[in-house]
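Student: Attaching a single structure in structure tokens format; questions to follow.
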Amino acid sequence: MSDLVRTISELRDEVAFWRTEGHRVGLVPTMGFLHEGHLSLIENALGDCNRVITTIFVNPTQFGAHEDLDGYPKDLDRDLSMVERAGGHLVFVPNPAMMYPDGFATRVEVDGLTDIMDGAARPGHFNGVTQIVSKLLNQAQADVAVFGEKDWQQLAIIRRMAHDLDFFTEIRGAPIVRDAYGLALSSRNFYLDEDQLEVARKLNVILKKAAYDIAASEYPLEICKAAALDLGEAGFAEVDYVECRDAQTLQVVEKLSERPARLFAAAKIGKARLIDNVAVI
Ligand code: PAF
């Protein structure tokens, strides 16, 4: 079995020991209830690290007041065996009181990138993400940390933060893992019943078609509006956004240029809020 540690000092001791043995260390931060997408992050880290830490922590500060913090799915035993199967070496499972002890008063905010798309739909969400990720990066001092590209905006924000604050750890993105129907894997897919799953699987289909239309017309705005309507018609209860943005700066793209563009969407079905993104090529 992979080792399980629950305290920051145990984590640091283990990493310090690995360093004495000359190992390269990878970090995969998660909120648990792992799926194949998470395992692909561990596998990605194993590509150039010979020790990989997976963290499991449902971070309360990145959930809004009416979001799914209390009901967020959990299954630690299953997570541990999945990490084992992927070849991970250590699982760090801190508790909220240790991560946010009494008197905790520090915020980590990235301007600009955090108030668009998911930041607009979930105010404060990314401040919680940067707060916890900066702590995990400091605690683990890994050589590389791997995050999924499904959360493209989160990845861009973490990259900005790590660059601006001179974090030691290199931040790396790993491709989205999808089911056989193209639905991006997410722990929140667990909330979907069979009918909802059928609707959820249309998200990627509609996005891919819109990305194709944008590439052909070069003018994204009307196509994004039409895609949002298509999502509503497909059965999504609410569409937070469908937006075409520069893949790096996340600025809105009004006309395609030679810079890479991406199409992003978030929509709700049942208890699940799903996000996805595709390249416009
Ligand atoms: O992407 C996630 O699962 C979370 O936002 C993260 C990066 C583990 C921080 O809690």
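What follows is calculated from the coordinates using simple rules that are stated; it is not laboratory data. Since this is a predicted model, take the numbers as computed values, not measurements. Here Cβ is always computed from backbone atoms with ideal geometry, including for glycine, and neighbour counts include all displayed protein chains.
Student: Given q = 0.11, 0.13, 0.16 Å⁻¹, what are the Debye log10 I(q)/I(0) values for the chain, with equal point scatterers placed on the Cα positions and solvent ignored?
Tutor: Debye intensities relative to I(0), on a log10 scale: -0.65, -0.90, -1.32.
Student: Which far-off residues, 5 or more places away or on another chain, put their amide H under 5 Å from the one on Thr55, with H placed in the peptide plane?
Tutor: Close amide H contacts, sequence-distant or interchain: Val28, Thr30, Phe92.
Student: Quick check on the chain: of the DSSP beta bridges with both residues there, what percent are antiparallel, nearest 5%?
Tutor: Restricted to the chain, the bridges split so that about 50 percent are antiparallel.
Student: Beta carbons within 10 angstrom, averaged per residue: use that to sort the peptides 48-56, 163-171, 101-109, 233-241, highest first. Working shown, then result.
Tutor: Values: 48-56: 22.6, 163-171: 13.7, 101-109: 9.3, 233-241: 16.3.
Those peptides, ordered most packed to least, come out 48-56, 233-241, 163-171, 101-109.
Student: To continue, here is another question. Among the DSSP beta bridges whose two residues both lie in the range 151-281, what percent are antiparallel, rounded to the nearest 5?
Tutor: Once the DSSP bridges in the range 151-281 are tallied, antiparallel ones form about 100 percent.
Student: Taking the chain as the reference, fit the longest principal axis to its C-alpha atoms, fit the long axis of helix 202-217 to the helix C-alpha atoms, and give the angle between the two in degrees, 0 to 90, nearest 10.
Tutor: Result, in degrees: 60.
Student: With each label point set 7 Å from Cα along the Cα-Cβ vector, what nm distance links Glu84 and Arg259?
Tutor: Taking the simple label geometry, Glu84 and Arg259 are separated by 4.8 nm.
Student: Still on this structure, please answer the following. For an R0 of 30 angstrom, estimate the FRET efficiency from the Cβ-Cβ distance between Asp246 and Glu36 and round to the nearest 0.05.
Tutor: Details: r = 29 Å, r/R0 = 0.98.
Result of the calculation: an efficiency of 0.55.
Student: Give me the orientation-averaged projected area of the Cα convex hull of the range 186-281, in nm², one decimal.
Tutor: 5.7 nm²
Student: To the nearest 20 Debye, how big is the dipole of the range 141-281 about its Cα centre, given +1 on the beta carbon of each Lys and Arg and -1 on that of each Asp and Glu?
Tutor: Computed charge dipole of the range 141-281: roughly 80 debye.
Student: Return the calculated 222 nm mean residue ellipticity for the chain, to the nearest 500 deg cm²/dmol, obtained by summing -39500 (n - 2.57) across DSSP H runs with n ≥ 4 and dividing by the residue count.
Tutor: -12000 deg cm²/dmol
Student: Let me ask another. Return the FRET efficiency for the residue pair Lys268, Leu221: r is the Cβ-Cβ distance, R0 is 30 Å, and the value is rounded to the nearest 0.05. Please list the in-between numbers first.
Tutor: Details: r = 23 Å, r/R0 = 0.75.
With R0 = 30 Å, the Cβ-Cβ based efficiency is 0.85.
Student: Defining a contact as two alpha carbons under 8 Å apart and six or more residues distant in sequence, what relative contact order in percent does the chain show?
Tutor: The normalised contact order for the chain reaches 17 percent.
Student: Just going by the charge dipole of the chain, with Lys and Arg at +1 and Asp and Glu at -1 on Cβ, which of Asn204, Gln248, Phe17 is farthest out on the positive end?
Tutor: Farthest towards the positive end: Phe17.
Student: For Asp179, project a label point 7 Å along Cα to C-beta. Then give me every residue of the range 237-281 with its amide nitrogen under 17 Å of that point.
Tutor: 237, 267-277
Student: List the lysines whose alpha-carbon lies under 19 Å from that of Lys255, not counting same-chain residues fewer than 8 positions away?
Tutor: Lys208, Lys209, Lys225
Student: Calculate, for Asp102 and Asp13, the FRET efficiency according to 1/(1 + (r/R0)^6) with r their C-beta to C-beta distance and R0 25 Å; round to the nearest 0.05.
Tutor: 0.50
Student: So, one more: Given the options Val93, Val83, Val205, which has the most mean-square fluctuation in a GNM of the chain, springs set between C-alpha atoms less than 10 angstrom apart?
Tutor: Taking springs between Cα atoms under 10 Å, the residue moving most is Val205.
Student: Counting Lys and Arg as +1 and Asp and Glu as -1, each charge on the Cβ, what is the dipole of the chain about the Cα centre in debye, to the nearest 20?
Tutor: The dipole of the chain has a size of about 240 debye.
Student: Here's something else I'd like to know. Let's see if you can work this out: charge +1 on each Lys and Arg Cβ, -1 on each Asp and Glu Cβ, no other charges. What is the dipole magnitude of the range 107-155 about its Cα centre, in debye to the nearest 20?
Tutor: 180 debye
Student: Take the alpha carbon atoms of the range 220-281, find their center, do the same for the range 1-73, and report the distance between the two centers in whole angstrom.
Tutor: That distance is 30 Å.
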